[in-house]
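To keep things clear, I will list the structure first and then write my remarks on it.
The numbers here are math on the coordinates, done by the rules we state, and not lab data. In this text, all values refer to a predicted model and were calculated from it rather than measured experimentally. Cβ sites come from the backbone with ideal geometry, for glycine too, and all protein chains shown count toward neighbours.
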Amino acid sequence: MKTVESIIIGAGPCGLSAAIEQKKKGIETLIIEKGNIVNAIYNYPTHQTFFSSSDKLGIGDVPFIVEELKPKRNQALVYYREVVKHHQLKVNAYEEVLTVRKIDDHFTITTTKDVYQCRFLTVATGYYGQHNSLDIEGATLPKVMHYFKEAHPYFDQDVVIIGGKNSAVDAAIELEKAGARVTVIYRGDTYSPSVKPWILPNFDSLIRRGNVKMHFNSLVTQITEDSVTFETNGKEKTIANDYVFAMIGYHPDYEFLKTIGIDIHTNEFGTAPVYNNETFETNIENCYIAGVIAAGNDANTIFIENGKFHGIHIAQDIISKKQSPLES
């Protein structure tokens with residue numbers, strides 16, 4: 001068993017930022033990541049452009065300089081690699097956490113490669129790794145995907161996109177550009193207000209010209225190997241289909257949080273872990289959360305640009321505990 005003072009689960013931008021803040025204060029910190037650093041960003045569409053400007057995505061006092069106002073995915077990957085090297089962060093990549101157990105005043109963490117013990121634990125696993133699921137026949141067919149990467153494989157194919165927010169709209173534009181026959185099926189009655197204003201005119205133009213077929217107020221009811229059936233305006237319709245992108249959102253790994261013992265609450269805004277708003281400590285003593293996971297499934301409240309500051313509060317709380325009279 002290896003002993004480390006503090007472990008952070010997740011090497012996304014907010015997890016990296018938390019590690020930097022702890023290292024600044026002399027806290028021995030290890031990051032454990034089931035993929036490689038910023039794995040969620042790696043899984044973004046190849047040509048993805050961020051919503052935020054580069055200065056808001058920067059962490060650890062390392063300037064994020066690009067020619068354009070908003071950086072692209074590949075530029076972010078380069079930047080965060082440089083941040084890890086600059087701060088000499090210790091990251092155990094391709095190592096998945098299997099169990100976390102609190103024993104007395106320490107956590108025992110079992111991974112696919114080793115067993116660790118630490119006093120302080122931060123969970124920064126984000127929400128992009130867990131997709132929302134369709135509860136319909138055919139939802140688990142291999143042709144049904146929840147992440148869009150590249151448009152080229154779908155040239156001259158019948159593609160259905162389920163959803164109407166940013167990821168769905170971005171995918172529709174790229175797929176149409178690559179020569180796919182695209183149909184978008186969305187339960188809303190009009191365009192989602194969350195769609196980026198600089199891409200909505202392009203998307204709307206594709207629909208008006210008939211390049212992309214759009215069905216509002218519609219719900220998919222069945223997926224087969226060669227078709228998709230959906231209800232629209234009270235009528236059932238079946239169309240030919242080769243591939244489906246179910247872009248219906250993502251959520252934190254609540255089951256993992258529950259196995260640790262972290263309380264989860266649900267209110268009118270959705271489901272989210274319970275934590276102290278000032279220290280980011282959960283109901284489990286010395287267990288913190290950082291980054292977008294703190295927002296639960298309300299992903300429009302915490303982003304990289306504000307989640308990156310969580311680590312400052314966490315590091316300060318850890319130092320306060322280490323300096324408390326109980327430590328003397």
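Summary table below
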item: Calculated FRET efficiency for the pair Glu236/Ser320, C-beta based, R₀ 56 Å, to 0.05; result: 0.40
item: Residue exposure sequence - Arg101, Arg73 - by fewest surrounding Cβ within 10 Å; result: Arg101, Arg73
item: Relative contact order %, region 228-298, counting alpha carbon pairs below 8 Å whose residues are six or more apart; result: 23 percent
item: 10 Å-binned pair-distance histogram of region 97-173 (Cα, whole percent); result: 13, 31, 20, 20, 14, 2
item: Gaussian network model of the chain, Cα within-10 Å springs - most flexible of Ala240, Ala315, Ala294; result: Ala240
item: Contact order relative to length of the chain, as percent, for alpha carbon pairs under 8 angstrom and 6 or more apart; result: 20 percent
item: Cross-link reach list, aspartates and glutamates versus Lys90, counting only Cα pairs under 16 Å and skipping chain neighbours closer than eight places; result: Glu5, Glu21, Glu28, Glu33, Glu82, Asp114
item: Translational D in µm²/s for region 1-134 (Stokes-Einstein at 37 °C, 0.692 mPa s, Kirkwood Rh from C-alpha pairs); result: 209 µm²/s
item: The chain, helix-only ellipticity at 222 nm - DSSP H runs n ≥ 4, -39,500 (n - 2.57), divided by all residues, nearest 500; result: -7000 deg cm²/dmol
item: Over region 71-219: Kirkwood hydrodynamic radius from C-alpha pairwise inverse distances, Å; result: 19.1 Å
item: Residue order, fewest to most beta carbons within 10 Å, for Tyr128, Tyr42; result: Tyr42, Tyr128
item: Which of Tyr154, Thr111, Asn74, positive extreme of dipole for the chain (C-beta unit charges); result: Asn74
item: Nearest-0.05 FRET efficiency for Asp226 and Asp135, computed from C-beta distance (R0 22 Å); result: 0.55
item: Debye, to nearest 20: dipole size of the chain, +1 on Lys, Arg Cβ, -1 on Asp, Glu Cβ; result: 600 debye
item: Whole-angstrom gap from region 112-169 to region 4-24, using each part's C-alpha centre; result: 24 Å
item: All-pairs alpha carbon distance profile, the chain, 20 Å steps from 0, percent; result: 30, 52, 18, 1
item: Proxy reagent accessibility, fewest Cβ within 10 Å first, across Ser320, Ser54, Ser227; result: Ser320, Ser227, Ser54
item: Angle in degrees between helix 310-322 and the longest Cα principal axis of the chain, rounded to the nearest 10; result: 20 degrees
item: Kirkwood hydrodynamic radius of region 214-328, Cα pairs, Å; result: 17.6 Å
item: Cut-off 12 Å (backbone N to label point 7 Å along Cα→Cβ of Asn306), residues of region 1-37; result: none
item: Where Rh is the Kirkwood radius over Cα pairs, Rg/Rh for region 137-189; result: 0.95
item: Whole-number D in µm² s⁻¹ for region 135-250, Kirkwood Cα-pair radius fed into Stokes-Einstein, 25 °C, 0.890 mPa s; result: 175 µm²/s
item: Fluctuation leader among Ile289, Ile109, Ile20 - the chain, Gaussian network, Cα springs under 10 angstrom; result: Ile109
item: Cleavage-rule hits, trypsin sites (Lys or Arg not before Pro), region 143-177, DSSP coil, Cβ neighbours within 10 Å at most 13; result: none
item: Under 14 Å, Cβ to Cβ, from Thr282 - net charge with Lys/Arg +1 and Asp/Glu -1; result: -3
item: Distance between modelled label sites at Asn43 and Lys72, nm, 7 Å Cα→Cβ extension; result: 2.3 nm
item: Listed residues Val83, Val100, Ala172: farthest to the positive end of the dipole of the chain (Cβ charges); result: Val83
item: Extent along principal axes [Cα atoms of region 190-274; Å; largest to smallest]; result: 51, 35, 25
